[in-house]
Each structure stands twice: as structure tokens, then as C-alpha cells.
Amino acid sequence: MKILVACYSRTGTTKQVCEELAATLGADIEQIVDAKKRSGIFGYLGGGRDAMKKKPTVIGPSRYDPAQYDLVIAASPVWAGHIAPALRTYLAQHKGKIKQAAFLCTMGGSGDAGAFADMKELTGLEPAARLTLLQREVKSGQHAAKLKEFAGKLGK
Ligand SMILES: Cc1cc2nc3c(=O)[nH]c(=O)nc-3n(C[C@H](O)[C@H](O)[C@H](O)COP(=O)(O)O)c2cc1C
């Protein structure tokens, strides 16, 4: 099965998880790049506002075509109870090309339900599996069992 991990990450937590997952699954990774500056306090505040308003952004060109994959794993940090604008834009751009989906998010503490609802709405798909990881779990290396279970649901 050909798997693509479509990942947006601002500070590396989601990226770390996506890289581990891709290594386990033998998947390709699309690192989605937000053209809008999201660093610093203004980047944080603007990011939260854009996410809350479900505002799209401009993203860099995609390296991989999701239509060529059997499964696409969409991954984003939770921002203001939603997905980050860069993943929103990616999923909107590729709507209809994703055959089967799984959803992953990382967060500080709450808001994954809203993020998963965004992913479902944008893909129009019921996910094969969903995984939420807390940033502190990832940073302390305590996420391995959950990630393994998630990968197991996706065939490995
Ligand atoms: C703009 C912004 C809004 C956020 N909103 C939430 C939130 O609503 N709930 C939450 O639990 N964490 C929130 N966080 C924390 C991130 O989801 C969390 O730190 C995540 O693991 C960061 O992933 P990354 O390192 O891949 O960017 C927010 C972070 C940012 C930058």
C-alpha cells in the first residue's frame, strides 16, 4: 500500500511524529510550507486568529500527488481548536484526490475534536484511524506506544 503523510508543523512536534510514522510505514512525507510568517508572538497570534476563522493561506508547491497514494495521513498541530491554515489549504487544494485518509494531530491540551472535524469536512472522508498526541508526550518520548498502535491500524 502506498502511503503519503501530509504534514504541517510550526515548531517541529508534528514533524517529528510524521517522520517516525513515515519511517515505520515506509511512507513519503509532504512537508507543507506556509508562505505566511508564523514565527514570533505576532505569528502565533495571527495563526490562532486565521485558524479560528478557518482562513486559508498560501502554501508552497506540493512535491507529491496525493492521487497516486492508497492512503493519505493528514497531520497538523491544533490551533485555536482547529487545524492550522496550511493543512486547510493543502486539503482544499487536493480535495477529491484522496482515496482513503487517516488523521493525526498534536496539541498542548485540547481541541483535537475540532481539528478532526475540519479534516473530515475538507477531505469528505471518514478516517481509517485518528491519533492525538500531546506535545509534552512527544517531547518526553512517551508517544511511541500510541504511534505504534496507530500505525498498526494502518497496516503495519
Ligand atoms: C497559534 C497556535 C494556537 C494553538 N492553539 C492550541 C489549542 O487550541 N489547543 C491546544 O491544545 N494547543 C494549541 N496550540 C499548541 C500546539 O497545538 C502544540 O504546541 C503543537 O504540538 C505544536 O505542534 P508543532 O510543533 O508541530 O507546530 C496552539 C499553538 C499555536 C502556535
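Would you check which residues across segment 88-106 are crowded, with 19+ Cβ neighbours inside 10 Å and either in contact with a helix residue (DSSP H, G or I) (Cβ under 8 Å, 6 or more places away or on another chain) or in a strand (DSSP E or B) (or both) and list them?
Hits for segment 88-106 are R88, L91, H94, I98, A101, A102, F103, L104, C105, T106.
Within segment 107-117, identify whether any single residue is outside any helix (DSSP H, G or I), farther than 21 Å from G155 by Cα and touching a residue at least 40 places away in the same chain (Cβ under 8 Å), and answer yes or no.
Looking through segment 107-117, none of the residues is outside any helix (DSSP H, G or I), farther than 21 Å from G155 by Cα and touching a residue at least 40 places away in the same chain (Cβ under 8 Å).
Residue by residue through segment 12-32, note down the ones that are part of a loop (DSSP other than H, G, I, E, B) and either away from the ligand (no atom under 11 Å from the Cβ) or touching a residue at least 12 places away in the same chain (Cβ under 8 Å) (or both).
Within segment 12-32, G26, A27, I32 meet the criteria.
Does A35 satisfy the condition of being more than 9 Å from the ligand (Cβ to nearest atom), at pLDDT 95 or above, farther than 16 Å from T123 by Cα and not basic (K, R)?
yes
Go over the candidates E137, E121 one by one and state the one that is without any contact (Cβ under 8 Å) to a residue 24 or more places away in the chain, assigned to a helix (DSSP H, G or I), under 25 Å from G43 (Cβ atoms) and not β-branched (V, I, T).
So the residue among E137, E121 that is without any contact (Cβ under 8 Å) to a residue 24 or more places away in the chain, assigned to a helix (DSSP H, G or I), under 25 Å from G43 (Cβ atoms) and not β-branched (V, I, T) is E137.
Just wondering, is there one or more residues in segment 64-72 that are in contact (Cβ under 8 Å) with a residue 60 or more places away in the chain, among the charged types (D, E, K, R) and either assigned to a helix (DSSP H, G or I) or on the phi < 0 side of the Ramachandran plot (or both)? Working first, answer last.
Filtering segment 64-72 for residues in contact (Cβ under 8 Å) with a residue 60 or more places away in the chain gives 64, 66, 68-72.
Checking the rest, the ones that are also among the charged types (D, E, K, R) come to 70.
In the following step, the residues that additionally are either assigned to a helix (DSSP H, G or I) or on the phi < 0 side of the Ramachandran plot (or both) were identified as 70.
Yes: segment 64-72 contains one or more residues that are in contact (Cβ under 8 Å) with a residue 60 or more places away in the chain, among the charged types (D, E, K, R) and either assigned to a helix (DSSP H, G or I) or on the phi < 0 side of the Ramachandran plot (or both).
When only residues in segment 33-45 that are of a type in the set (A, V, I, L, M, F, W, C) and not in a helix (DSSP H, G or I) count, which is farthest from G109 (Cα to Cα)?
A35
More than 16 Å from the ligand (Cβ to nearest atom) and either closer than 19 Å to V17 by Cβ or in contact with an Asp or Glu (Cβ under 9 Å, 6 or more places away or on another chain) (or both) - does that describe any residue in segment 74-88?
no
The values are calculated or read from the model by the stated rules, or taken from the named source; none is laboratory data. Because the structure is a prediction, the values reported are computed rather than measured. We place every Cβ from the backbone using ideal geometry, glycine too, and count neighbours over all the protein chains shown.
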